1. Which value, in debye to the nearest 20, gives the size of the charge dipole of the chain about its Cα centre, when Lys and Arg are +1 and Asp and Glu are -1 at the Cβ?
2. Give a quick list of GluC sites (Glu not before Pro) in the range 232-315 that DSSP marks as loop, anything other than H, G, I, E or B, with at most 12 other Cβ atoms within 10 Å.
3. List every DSSP H helix in the chain whose Cα atoms extend 27 Å or more along the helix's own long axis and whose mean Kyte-Doolittle hydropathy is at least -0.5.
4. What does the charge count near Val103 come to, summing +1 for each Lys or Arg and -1 for each Asp or Glu among other residues with Cβ under 14 Å from its Cβ?
5. Given the options Met123, Met162, Met202, which has the most mean-square fluctuation in a GNM of the chain, springs set between C-alpha atoms less than 10 angstrom apart?
6. Pick out, from Gly33, Ala199, Ser100, the residue whose Cα sits farthest towards the positive end of the charge dipole of the chain, with +1 on the Cβ of Lys and Arg and -1 on the Cβ of Asp and Glu.
7. Suppose every K and R has +1 on its Cβ and every D and E has -1 on its Cβ; what is the size of the dipole of the range 224-314 about the Cα centre, in Debye to the nearest 20?
8. Given the DSSP H assignment, sum -39500 (n - 2.57) over each helix run of at least 4 residues in the chain and divide by its residue total; what's the result at 222 nm in deg cm²/dmol, nearest 500?
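Each reported figure results from applying straightforward, stated rules to the coordinates on display, with no laboratory input. All figures in this text were calculated on a predicted structure; none of them were measured in a lab. In this analysis, Cβ positions are derived from the backbone assuming ideal geometry, glycine residues included, and neighbour counts consider all displayed protein chains.
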Amino acid sequence: MSWRQRARFLPTRGGVALSSLTVGIFAISQTTGAGWLTVLASVSAGTVAVGIVWPLILVRSTRFEISGPADAVAGRPFKLNVRVDRPTSGLQFEIVGLTSDPVWAEPPAAGTVEVTAQRRGVMQQVEVDVTCSAPFDLFTGRFRVGLNLPDPIYVAPQPHPMQLPDRLLGGSGGDGGGAGGSGPGEMVRGLREYATGDAMRMVHWRASARRDHLLVKELEPPERPRLVLIVDVSHTDAEKAAGEAAGLIQTARRQGHPVTLATYEPTGRLISDVGSTREAGRRLAAAIPGEPPSGPFPEGSQIIRLGQTTGTTFS
């Protein structure tokens with residue numbers, strides 16, 4: 001599905017010169033009655049008319065097909081696949097609302113165009129400005145065409161480097177590995193044969209005596225606190241809040257913390273775990289102004305609120 005705006009044209013320097021010359025020749029022919037001047041004025045006027053009408057016909061008949069990647073990041077270049085089927089004359093086009101350079105095409109043609117989205121969001125349509133001055137370069141026809149993308153592009157916010165608060169780094173979120181063996185809170189997952197470099201404190205002596213060779217304990221990784229992010233994009237610092245949320249999610253996932261994200265989206269309030277940075281990027285791309293949910297959250301969760309009028313808050 002597509003939509004189009006009204007075409008318009010602008011004269012080039014050559015178009016202005018030829019139009020002025022045509023008017024002058026016509027005026028002289030009417031004064032002198034010279035037939036050859038009348039013929040010349042008619043030919044010149046016909047050329048001007050074609051120079052006006054033909055570019056408009058060409059830009060109005062242009063057919064685009066545009067698709068892109070499923071995911072992108074604000075401020076980082078990505079590529080759109082573009083196909084131009086008509087017209088058969090050369091034209092120039094530019095993707096509206098995205099940072100890109102104008103592209104010259106000789107339809108039918110296909111290729112990629114590098115663009116950059118400056119803000120996060122879900123792109124479901126694109127607009128293209130088309131210009132053409134064929135065949136005489138006397139007038140430039142301009143036309144804007146809108147296209148629905150076959151699949152949406154989720155533009156995630158640019159992650160801001162963020163550190164987790166100290167309370168998420170200690171306690172049950174520590175790395176364990178004290179001086180003794182499996183201490184309080186450490187769960188033994190199983191046993192395996194001793195390998196060079198294993199700490200002797202990890203040897204399970206009783207099992208080793210029964211098997212007649214050394215066995216060491218494998219421990220469950222320490223349970224880390226859950227991070228809950230409540231992201232409100234209703235205020236002027238919405239993009240900053242989304243970028244900070246993306247940075248916190250990256251840091252939390254690197255350190256092994258499960259993450260729950262609470263946002264307001266077109267379907268309403270949403271609370272759900274994010275299992276990957278890609279999933280988190282899509283959730284933050286889809287977030288729209290509205291009050292996000294404030295719970296319920298799993299017991300023991302560490303909650304961070306982002307984007308509210310009071311700024312970043314912890315609870």
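1. Numbers: 32 positive and 29 negative charges, 53 e Å.
Computed about the Cα centre, the dipole is about 260 debye.
2. Working: sites: Glu239, Glu244, Glu279, Glu299; in loops: Glu299.
Sites meeting the loop and neighbour criteria: Glu299.
3. Working: long enough: 13-32 (28 Å, 0.89); 35-60 (37 Å, 1.64).
Span-like helices here: 13-32, 35-60.
4. That sum, taken over residues with Cβ under 14 Å, equals -3.
5. Maximum among the listed residues: Met202.
6. Gly33
7. My answer is approximately 340 debye.
8. Calculated at 222 nm, the ellipticity per residue is -8500 deg cm²/dmol.
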